[in-house]
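J.: Mind having a look at this structure? Questions to follow.
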Amino acid sequence: AYGSLMWNPAFHYAEEQIARLHGYHRAFCHHTQVARGTAEYPGLMAGLDRGGSCSGLAYRIAPADLEAETRILWNRETALPVYKVRVLKISTDQGPRRAVTFVANRDSEHYVGRLPVDEQVERISRASGRLGSNAEYLFRLVDRLKELGIADRHFAQLRRHVAAKLEKGSESDSSPQKS
């Protein structure tokens, strides 16, 4: 898990542990027009994009729950063709493991690649959809990363910029109107 699965897994698991994946990094590389955005103001969703490395969570599902809980996860992560399912090697404190991962599908119409930071800030601060605001998604993710002791400078920087933009917007919304 590298995105919303870290703070809202929505399936039952027996264990979670911090894991590192080499060859992929966490990035806002998909647009969404439903979950955290609209057609008019599409939001951004995290994905694992090629290059670098990334720390996140590895979940272990109990054998008795494997079929039902995997189905929940599969339905959630493959509802749109934004990910490719890969079994990749991860590193944990208990040693190397193999994990089912969902990596960015660069052929998907939802893939936006690496957007400039100012465009990410604009989209995240403005977008909201069926599951809430895009800023909330970012804030929850960064909070969970911090709680786990996982450093992600890019996402922490995005949070600061989005929070500042939202604060600036709320100040101008509450300023007295001139007659």
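Coordinate-derived values only; no laboratory data. If you're wondering where the values come from, they're calculated on a predicted model, not measured in any experiment. Positions of Cβ are backbone-derived with ideal geometry, glycine not excepted, and every protein chain shown enters the neighbour counts.
J.: Radius of gyration and Dmax for the chain's Cα atoms, expressed in Å?
T.: Rg then Dmax for the chain, in Å: 17.3, 68.
J.: Taking the Cα centre of the chain as origin and charging only Cβ (+1 Lys, Arg; -1 Asp, Glu), how large is the dipole, in debye to the nearest 20?
T.: In total the dipole reaches around 380 debye.
J.: Which of the peptides 130-141, 74-85 is most tightly packed, and how do the rest follow, going by the mean number of other Cβ atoms within 10 Å of each residue?
T.: Top of the packing list down: 130-141, 74-85.
J.: Measure nothing but the geometry: give the 0 to 90° angle between the long axis through the Cα atoms of 66-77 and the longest principal axis through the Cα atoms of the chain, rounded to 10°.
T.: So the inclination is approximately 30 degrees.
J.: Still on this structure, I have one more. Measure nothing but the geometry: give the 0 to 90° angle between the long axis through the Cα atoms of 134-148 and the longest principal axis through the Cα atoms of the chain, rounded to 10°.
T.: Tilt relative to the chain: about 50 degrees.
J.: Could you sort the peptides 24-31, 37-44, 122-129 by per-residue average Cβ neighbour count (10 Å cutoff), highest mean leading?
T.: Output ranking for 24-31, 37-44, 122-129: 24-31, 122-129, 37-44.
J.: Per DSSP H run of at least 4 residues, take -39500 (n - 2.57); add these up for the chain, divide by its residues and hand me the 222 nm value, nearest 500 deg cm²/dmol.
T.: Computed mean residue ellipticity for the chain: -11000 deg cm²/dmol.
J.: Oh, and also: Determine, from the Cβ-Cβ distance of Asp143 and Glu67 and an R0 of 35 Å, the FRET efficiency 1/(1 + (r/R0)^6), rounded to the nearest 0.05.
T.: 0.65
J.: Let me ask something additional. Provide the gained length on full extension for the span His154 to Glu167, in nm with one decimal, where the gain is 0.36 nm per separating residue minus the Cα-Cα distance.
T.: Stretched out fully, the His154 to Glu167 stretch lengthens by 2.7 nm.
J.: Treating cross-link reach as a plain straight distance, find the aspartates and glutamates whose alpha-carbon is under 12 Å from the alpha-carbon of Lys84, omitting any fewer than eight places away in the same chain.
T.: Straight-distance partners of Lys84: Asp49, Asp107.
J.: Separate question: Considering only Val87, Val142, Val34, give the residue with the highest GNM mean-square fluctuation for the chain, with springs between Cα atoms whenever their separation is below 10 Å.
T.: Val87
J.: Name the residue from Thr78, Pro9, Tyr24 whose Cα lies farthest towards the positive end of the charge dipole of the chain, charges +1 on Cβ of Lys and Arg and -1 on Cβ of Asp and Glu.
T.: Farthest towards the positive end: Tyr24.
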